[in-house]
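Worksheet: the structure to be examined is printed underneath.
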Amino acid sequence: MLVKIFGSAVFGVEATTITVEVNIDKGIGYHLVGLPDNAIKESSYRISAALNNNKYKLPGKKITINMAPADLRKEGSAYDLTLAIGILAASNQIKSEKVGDYIIMGELSLDGSLQPIKGALPIAIKAREEGFKGFILPKQNAKEAAIVSDLKVYGVSNITEVINFFDEKAELEQTIIDTRAEFYKNLDNPEFDFADVKGQESVKRSMEIAAAGGHNIILVGPPGSGKTMLSKRLPSILPPMTLQEALETTKIHSVVGKVKESGLMCQRPFRSPHHTISDIALVGGGQYPQPGEISLSHNGVLFLDELPEFKRTVLEVMRQPLEDREVTISRARFTVTYPSSFMLVASMNPSPSGYFNDPDAPVTSSPAEMQRYLSKISGPLLDRIDIHIEVNPVPFEKLSEEQLAEPSKLIRERVTKAREKQSERFLELENVHYNAQMSVKQIRKFCKLSEESKNLLKNAMERLNLSARAYDRILKVSRTIADLEGVKDISSSHISEAIQYRSLDREGWLG
């Protein structure tokens, strides 16, 4: 008997429906075709044990299974439940009338219980697009898949629940999530707050500007000056995520199986990879491409602590995603694209010893060591970082103050107002929502300068020997400063402040 049942494969952040054809005929054998990987080939052992432990059996006949489209590589153990139900239906151990109406996915344990899968959200989106009645999957992934409206999602714990459902012996409980209610309930709950940070007013100001315009920022200062502490609090002043951003972010995390059982991600991601990370782990890729840290930071913050300690190849491969805000990974048979619109926040010591330019500490690094240390960060990469800010140690008087600093909530209000101005400005533009995303053409249109401002910027360009890209960065940052002040035109004071945020362009830093 031939039965068709449906599963799904995830490529990039999109799903493709897989038709599983199970045919049982005279003879003996188990033949699985359609480019399955080893995990799928091993599924027969898990399926056999799971069926035996639940009083069913793998039929002693010739079982042929085709996973179509046959030229598309399938991977992972999530097809166990699909194959098991297909075999039971084809061998008349369960009724087969309804099995083709649902997407069925799940990894089987030997006792028949189900383990969570990856990519439940994109699979659910595809199932709704193609008009399936519902999606049957492990209970641990049910809330994640139920984010998708107009699709019945059934979370199950054991294969017997699925068998009884198709045999009409029991109903499955539908998982229902009010996506908007869930989103707004968990929206405003940052883990860290700027109220805990004593002093560092100039750094807080620069981080407010960075958050308001979506600008990349690097913090330069000696050990213990608070670079990491400040960076961890940046998400708390970013504008709250929109529902669309939350769905985009959850979709990416779903692909790598990092969505919590609560379902929708409502907080902006903050990723902080170790400096030993490989370029594939950072940008994404591999034999079967997976998103890297920069895509997991989409709509959030990527924090690179001690930037010069990262391998140069790792940092250089990040240059293109910083510009294009997406990563394209090409293979012989297919190409996948992952979104990567993130804020880069980096920190570094000013020298190998960490105390360059500190009058109270001896300089323990030679000029050659200094040059070697700073040359690990290329000029083109620094040009893509809009704001460079020096972080100095906080004096004891500030640390011992009992009064709390300005809380993140108040800073976020100013940032959100500035972002709203930018949204209005770029309303008719596609894929431009804040100042850091402006192209050269848009900079010329929205960042017009007076003669006084032009002269000021010209002198700075000549004195600091800035590149054309750094020139554009200064204009973007000055546009954001004006937005925070609520004024339409960029003034010389805005340009002057933006120039100050190019510390690493000054003589004495990078030679």
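Assorted remarks:
- Efficiency of FRET from Cβ geometry, ASN54 and ASN431, R₀ 45 Å, rounded to 0.05: 0.35
- Alpha-carbon centroids, region 48-65 and region 264-284: separation in whole Å: 42 Å
- Close lysine pairs were tallied over region 97-254: pairs 8 or more places apart or on different chains with Cα atoms under 14 Å apart number 14.
- Straight-line reach from LYS376: taking Cα to Cα under 16 Å and skipping same-chain neighbours fewer than 8 places apart, the aspartates and glutamates in range are ASP279, ASP305, GLU306, GLU309, GLU316, ASP505.
- Surface exposure of region 2-177, expressed per residue as accessible area with a 1.4 Å probe, stands at 42 Å².
- Rg/Rh (Cα only; Kirkwood hydrodynamic radius) as it applies to the chain: 1.07
- Cβ crowding within 10 Å averaged over residues, with 452-463, 211-222 ranked highest first: 211-222, 452-463
- Computed magnitude of the charge dipole of the chain (debye, nearest 20; Cβ of K, R +1, Cβ of D, E -1): 1040 debye
- Near the amide H of VAL156, within less than 5 Å, lie the amide hydrogens of LEU137, LYS139, all on another chain or at least 5 residues away, with H placed in the peptide plane.
- Apportionment of accessible area to carbon and sulfur, the chain, percent (1.4 Å): 48 percent
- Applying 0.36 nm per residue to the separation of THR16 and LYS98 and subtracting their alpha-carbon distance, the gain on full extension is 27.4 nm.
- Compared with the alpha-carbon gap, the fully stretched path from GLN115 to SER262 is longer by 51.3 nm at 0.36 nm per residue.
- Proximal lysines to LYS62, defined as alpha-carbon separation beneath 18 angstrom and excluding residues fewer than eight positions away on the same chain: LYS4, LYS26, LYS41
- For the chain, calculated [θ]222 nm from helices alone, where every DSSP H run of n ≥ 4 adds -39500 (n - 2.57): -10000 deg cm²/dmol
- Stokes-Einstein D (µm²/s) once Rh is taken as the Kirkwood radius of region 184-413 over alpha-carbon pairs, at 4 °C in 1.567 mPa s: 69 µm²/s
- ARG444 paired with THR313, simple spin-label distance in nm, labels 7 Å along Cα-to-beta-carbon: 3.9 nm
- If the segment from HIS275 to ASP25 were pulled out straight at 0.36 nm per residue, it would be longer than the present Cα-Cα gap by 84.4 nm.
- In summary, the lysines within cross-link reach of LYS458, defined as a Cα separation below 25 angstrom excluding same-chain residues under 8 places away, comprise LYS441, LYS445, LYS448, LYS476, LYS488.
- Using only side-chain charges placed at the Cβ, +1 for Lys and Arg and -1 for Asp and Glu, the dipole size of region 438-510 relative to its Cα centre rounds to 360 debye.
The values are calculated or read from the model by the stated rules, or taken from the named source; none is laboratory data. Since this is a predicted model, take the numbers as computed values, not measurements. Positions of Cβ are backbone-derived with ideal geometry, glycine not excepted, and every protein chain shown enters the neighbour counts. Side chains included, ligands, DNA and RNA excluded: accessible areas come from the protein's heavy atoms. Shrake-Rupley method; radii C 1.70, N 1.55, O 1.52, S 1.80 Å.
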